[in-house]
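Some notes on the structure that comes next.
The values are calculated or read from the model by the stated rules, or taken from the named source; none is laboratory data. This one's a predicted model, so the numbers in the text were calculated from it and none came from an experiment. Note: ideal-geometry Cβ built from the backbone for every residue, glycine included; neighbour counts use all protein chains shown. Areas reflect the complete protein model, heavy atoms only, side chains present, ligands, DNA and RNA absent. Shrake-Rupley method; radii C 1.70, N 1.55, O 1.52, S 1.80 Å.
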Amino acid sequence: MFFPFVSKIFADINIDGITALKLALIILIMAKPANITIKELIKLYKPGEQTDIVESNKRTGGFIGILERYIIFILLYVNQYSAVGLVLTAKSIARYHELEDKDFAEYFLMGTLLSTFIIILTYLIVF
């Protein structure tokens, strides 16, 4: 093996090389490729630009999406399917006041469901 210490870590936690590659593939897909895919698929439905949102807040949303997908992936990997609802609920609670705007609520829901769909589909295909 190229990195003996990595092999030892995988052996200690009972993960073979193929599973490690599958995990790495999902981790890579769930970052920027998923963000770009989601952004492109829902850009037609984006509500009018809000003036109080700055560029850094837009990047924060993408980062939150990545974290959301990683958390959902971990929950799927450890067979805690019902806990996925907790992640989605927490995300909705954080945006509670903004969800009063119907256009934003629909856009937010499309992005959240698409993000969840991508991670579940990727997980099912890879594993």
Would you mind stating whether residue 96 is farther than 30 Å from residue 7 by Cβ and touching a residue at least 40 places away in the same chain (Cβ under 8 Å)? no
Scanning for something modelled with pLDDT under 90 and either open to solvent by less than 80 Å² (accessible area, probe 1.4 Å) or outside any helix (DSSP H, G or I) (or both), does the stretch 76-87 turn up at least one residue? no
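Return the total of residues in the stretch 1-29 being small (Gly, Ala, Ser) and under 27 Å from residue 118 (Cα atoms). Lay out the reasoning, then the answer.
Residues of the stretch 1-29 small (Gly, Ala, Ser): 7, 11, 17, 20, 24.
Filter once more, so that each one left must be under 27 Å from residue 118 (Cα atoms): 17, 20, 24.
Number satisfying all stated conditions: 3.
If you take the residues in the stretch 12-21 that are open to solvent by 70 Å² or more (accessible area, probe 1.4 Å) and assigned to a helix (DSSP H, G or I), which one is farthest from residue 72 (Cα to Cα)? Give the steps one after another, and end with the answer.
Within the stretch 12-21, the subset open to solvent by 70 Å² or more (accessible area, probe 1.4 Å) is 12-14, 16, 18, 21.
Adding the requirement that they be assigned to a helix (DSSP H, G or I) leaves 12, 18, 21.
Working: 12: 24, 18: 21, 21: 19 Å.
Step by step, filter the stretch 12-21, then rank; the result is 12.
How many of the residues making up the stretch 24-47 are touching a residue at least 40 places away in the same chain (Cβ under 8 Å) and not β-branched (Val, Ile, Thr)?
Step one: of the stretch 24-47, the residues touching a residue at least 40 places away in the same chain (Cβ under 8 Å) are 25-27, 29-30, 34, 37-38, 41-42, 45-47.
With the extra rule that they be not β-branched (Val, Ile, Thr), the set shrinks to 25, 30, 34, 41, 45-47.
Qualifying residue count for the region: 7.
Considering every residue within the stretch 62-70, establish whether at least one is part of a helix (DSSP H, G or I), over 20 Å from residue 33 (Cα atoms), open to solvent by 60 Å² or more (accessible area, probe 1.4 Å) and hydrophobic (A, V, I, L, M, F, W, C).
Of the stretch 62-70, the ones part of a helix (DSSP H, G or I) are 62-70.
Next, from what is left, pick out any that are over 20 Å from residue 33 (Cα atoms): none.
No - not one qualifying residue is present in the stretch 62-70.
With respect to residue 92, determine if the residue is of a type outside the set (Phe, Trp, Tyr), open to solvent by 80 Å² or more (accessible area, probe 1.4 Å) and part of a helix (DSSP H, G or I). Can you show your working first?
Values: of a type outside the set (Phe, Trp, Tyr): yes; open to solvent by 80 Å² or more (accessible area, probe 1.4 Å): no; part of a helix (DSSP H, G or I): yes.
No: the conditions fail for residue 92.
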Restricting attention to the stretch 97-106, does a residue exist that is under 30 Å from residue 16 (Cβ atoms), open to solvent by 30 Å² or more (accessible area, probe 1.4 Å) and among the hydrophobic types (A, V, I, L, M, F, W, C)? no
